[in-house]
Every structure is written in C-alpha cells, then in structure tokens.
Amino acid sequence: MVLAITRLGSRRATMRRITNVLRSAASTCRQPATHDQAEAAVHAVRRVGWYSPARTACLEESAAAVLLLASRRLSATWCHGVAPDPIRLHAWVQTDDGVAAAEPSSTLAYTPALTIGARHQHPL
C-alpha cells in the first residue's frame with residue numbers, strides 16, 4: 001500500500017499523501033499497540049521490504065508498520081524527526097509510552113517534527 005501511495009501522483013505531494021493516509025488509519029484504531037506488537041509489525045515490514053522492487057527506507061517502513069497495526073485497529077505513533085549537524089531526517093514508530101519500536105538508541109538524537117496517531121491525535 002505504501003508503495004502505491006508513493007508512486008501515484010506527483011512526487012512533490014508524496015509526503016502529504018502518506019500523512020493523510022496515516023491520519024485516516026489512525027482514526028480507525030481502538031486500542032494502543034503493545035511494545036511487542038509494534039516491534040513485530042516493524043520487523044514484519046522490514047522482512048517484506050527485502051523483496052520490494054522499490055525503495056524501502058525508514059519512511060516507507062514506518063508508514064507500513066503503522067498501517068499494518070491499524071489494520072488490526074491497534075494504534076501507534078508515527079514520528080518524523082530531524083537531527084542536527086549534519087541535518088538528518090528519520091521516521092519511526094513508537095508506542096503510547098513514547099518508546100521507539102525496533103529502533104537503535106541513536107534514534108533518541110532525533111527531535112520529532114511531525115507525529116501522527118495514538119495520544120497525539122486522540123486526546124485522552
């Protein structure tokens with residue numbers, strides 16, 4: 001699904017299409033994903049990504065993992081962040097408690113610039 005979203009339409013609007021789909025998927029979730037469920041989703045997406053004919057980096061992997069969880073009505077937070085010097089971008093999935101799923105500790109260097117889902121979208 002993420003491959004189709006990235007390939008359809010103009011390249012300039014790709015990020016907007018991805019975030020719109022993630023917001024829509026997040027609105028269907030009924031309960032938060034556990035850390036184990038979120039990690040399992042990320043690992044499953046990474047395994048499938050080895051067979052993808054297209055780019056599968058952090059943006060595609062994290063979006064696909066959130067959509068996989070949402071297909072089971074489980075919420076997780078999709079994060080897109082930035083780290084300084086040199087400027088780097090990264091996308092990842094985290095659970096309601098703010099713990100990144102299947103990410104190295106270096107992810108802590110990134111400051112989320114955009115988050116979608118879980119507590120960020122649905123106030124308690």
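Derivation of every value follows stated rules applied to the coordinates shown; laboratory data play no part. Owing to the predicted nature of the structure, the values given are computational and were not obtained by experimental measurement. So basically every Cβ, Gly included, is an ideal-geometry build from the backbone, and we count neighbours across all protein chains shown.
Could you grab the Rg to Rh ratio for segment 26-73? Cα atoms only, Kirkwood for Rh. Write down the numbers at each step before the final one.
Details: Rg = 11.0 Å, Rh = 11.1 Å.
That ratio equals 1.00.
Which percent of the Cα-Cα distances in the chain go past 17 Å? Mind showing how you got there, number by number?
Numbers: 4088 of 7626 pairs.
Above the 17 Å cut-off, the chain has 54 percent of its Cα pairs.
Going through the DSSP H helices of the chain, which span 30 Å or more along their own axis at the Cα atoms while scoring at least 1.0 as a mean Kyte-Doolittle hydropathy? Before the final figure, lay out each step's value.
Values: long enough: none.
What comes out of the filter, once short or polar helices are dropped, is none.
By per-residue mean of other Cβ atoms within 10 Å, what is the highest-first order of 5-18, 37-50?
On the way: 5-18: 12.8, 37-50: 17.2.
Result, highest mean first: 37-50, 5-18.
With n ≥ 4 as the cut-off for DSSP H runs, can you work out [θ] at 222 nm for the chain, using -39500 (n - 2.57) per run divided by the number of residues, rounded to the nearest 500? All intermediate terms of the calculation are to be shown ahead of the outcome.
Working: 5 runs with 51 residues, N = 124.
When only DSSP H runs of four or more count, the value is -12000 deg cm²/dmol.
If R0 is 25 Å, what FRET efficiency do you get for residue 24 and residue 58 from their C-beta distance, rounded to 0.05?
FRET efficiency, residue 24 to residue 58: 0.75.
Given 0.36 nm per residue, what is the gain on full extension from residue 108 to residue 11 after removing their alpha carbon distance, in nm? Working shown, then result.
On the way: separation 97, 0.36 × 97 = 34.92 nm, distance 2.91 nm.
Value of the extension gain: 32.0 nm.
Using 17 Å as the cut-off for backbone N distance, which residues of segment 36-64 belong to the label zone defined by a point 7 Å from the Cα of residue 72 along Cα→Cβ?
Answer for segment 36-64: 36-48, 62-64.
Rank by packing, highest mean first: peptides 51-59, 92-100, with packing defined as the count of other Cβ atoms within 10 Å averaged across residues. Present the calculation step by step, with values, prior to reporting the outcome.
Values: 51-59: 12.3, 92-100: 19.0.
Per-residue Cβ counts within 10 Å, averaged per peptide and sorted highest first, yield 92-100, 51-59.
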